[in-house]
Amino acid sequence: MTWDDGTAYLEEMAPGVFAYVQPDGGWMVNNCGVITDAAGDAVVVDTTSTERRNRAFLAEVAGVSARDPRIAVNTHAHPDHTYGNGFLPPATTIIGHHLCRAGVLRAGLAATHELPADYGDLVVRPPDVTIDSDLTLHLADFPVELKVMGPAHSTNDVGVWLPEQRVMFAGDLAFSGGHPIFMEGSMLGFRAATRRLRDLAPEVLLPGHGPVCRGDDVARVLDELEAYVEWISGVATSSYDAGLSPLEAAQKALSDSPYRDLPESERVVCNLHRAYAELTDHVPTGPLNIPSLWPEMVALNGGRPIETHA
Ligand SMILES: [Zn+2]
C-alpha cells in the first residue's frame, strides 16, 4: 500500500524498523512506528487517536514482533500521538518527557470535544517513565537514542534516533505535505530543531504527519520547514509593525502565499500567535494567553469548521 491508497500501512525504513503511516496526515491522523531487534523485542513509537486506529496499529505491531512491546516512546503529549497509550499492554513501559506526562494528564480527553470523531473507548494513560534529557535504549543488537529536542513543536518533543540505521522518528518536529504547527512550542526552537535534524543527516525520516522521507527528500523537507519558519517570522514582523492582529495578518498573508494550497492552512494563525509572542515579549515558550484559537482557525478557514478524518 502507498500514501495514495488512503489506508494506513506499515513501511520498512531499515531492516526490522517500520513506519506506520496514516493518510491523510491531517488533524488527529498521525504516524507511529515500531522498532524490532534480533531478540524479538519491540519498541513502539507513539500511538494514535482512536480505538479503531490503535487496534489496527497494534495488530500490525504484533505481525512484526515476537511478543508484546517492551517499551513505547511518546514523541510528545498531543492526543493524536498518545490517545492509544491506553490500548498498550499493561506491561509495556511508556517513556516520554516529563512535560509530556504532565500534558497528557492535564489535557485528558478534551480534544475529543474540540475535534469530534468516533474515538471509541479511550483511557488516558501517561508515560510511566519520564526524562528531561537524552536517553539511550540498548536493544539486543543496536541502540535507540531518545533526543530531547523541544521546545519546538511542543514543550516536550523527543526525537527517536537510530544512529546505526540513520533513521529518525521525528514526531511533529517534521510535517510533510501539510502546515507545521509550533503554537504550543517555540518558533525559534522549531527552527533550531530542524537544524539539529539536518545535522544528524538521517537517511530516512518519518514525519509526525505525511509520508516517509528518504534520501534527498529528507533534506528537501527540512529545507521547506526552515523556509516556512522564515516566512512566518517575516509575516509576523511586518504585520506586528503594521498593527495587525495575528488573524488579520494570517488572512492577509495567506491571500497570496506560497502555502495557500497546503492543507491545514488555518494553522497559520496559531503560528503567528506564537511568533508574535516571541518577537514582542521574548518569552519563547510560555503558554499563550488566548482562551481558544478554534474560532480564529474557523475564521481563517472561511467559516468552515476544522474537521478531522480520524
Ligand atoms: Zn503534535
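The values are calculated or read from the model by the stated rules, or taken from the named source; none is laboratory data. Note that this is a predicted model, so its numbers are computed, not measured. Here the Cβ positions follow ideal geometry from the backbone for every residue, glycine too, while neighbour counts run over all protein chains shown. Each accessible area value is taken on the protein alone, full model and side chains, heavy atoms only, with ligands, DNA and RNA left out. Shrake-Rupley method; radii C 1.70, N 1.55, O 1.52, S 1.80 Å.
Every listed requirement among (1) over 22 Å from Val29 (Cβ atoms); (2) touching a residue at least 24 places away in the same chain (Cβ under 8 Å) is met by Leu244 save one, (2).
Listed here are the residues, each with its yes/no results for (1) away from the ligand (no atom under 16 Å from the Cβ); (2) polar (S, T, N, Q); (3) under 30 Å from Glu114 (Cβ atoms).
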position	(1), (2), (3)
Gly6	yes, no, yes
Gln22	no, yes, yes
Ala38	yes, no, no
Phe57	yes, no, yes
Arg67	yes, no, no
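Among the criteria (1) open to solvent by 40 Å² or more (accessible area, probe 1.4 Å); (2) away from the ligand (no atom under 14 Å from the Cβ); (3) of a type in the set (Val, Ile, Thr), the one Val221 does not fulfil is (1). Of all residues in the range 93-129, those that are among the hydroxyl-bearing types (Ser, Thr, Tyr) and over 26 Å from Ala38 (Cα atoms) total 2.
Note on the range 137-198: enclosed strands (runs of 3 or more DSSP E) holding 1 or more residues that are farther than 23 Å from Pro23 by Cβ are 143-148, 158-162. You will find that of Leu244, Leu272, the residue that is of a type outside the set (Gly, Ala, Ser) and open to solvent by 30 Å² or more (accessible area, probe 1.4 Å) is Leu244 and no other. Return the residues of the range 224-241 that are open to solvent by less than 40 Å² (accessible area, probe 1.4 Å), in contact with a Leu (Cβ under 8 Å, 6 or more places away or on another chain) and among the hydroxyl-bearing types (Ser, Thr, Tyr); say none if nothing qualifies. Listed by number, the residues that qualify are Ser233, Ser239. If we scan the range 59-66, do we find a residue that is over 19 Å from the mean Cα position of the chain (by Cα) and open to solvent by less than 10 Å² (accessible area, probe 1.4 Å)? For the range 59-66, residues over 19 Å from the mean Cα position of the chain (by Cα) and open to solvent by less than 10 Å² (accessible area, probe 1.4 Å): present.
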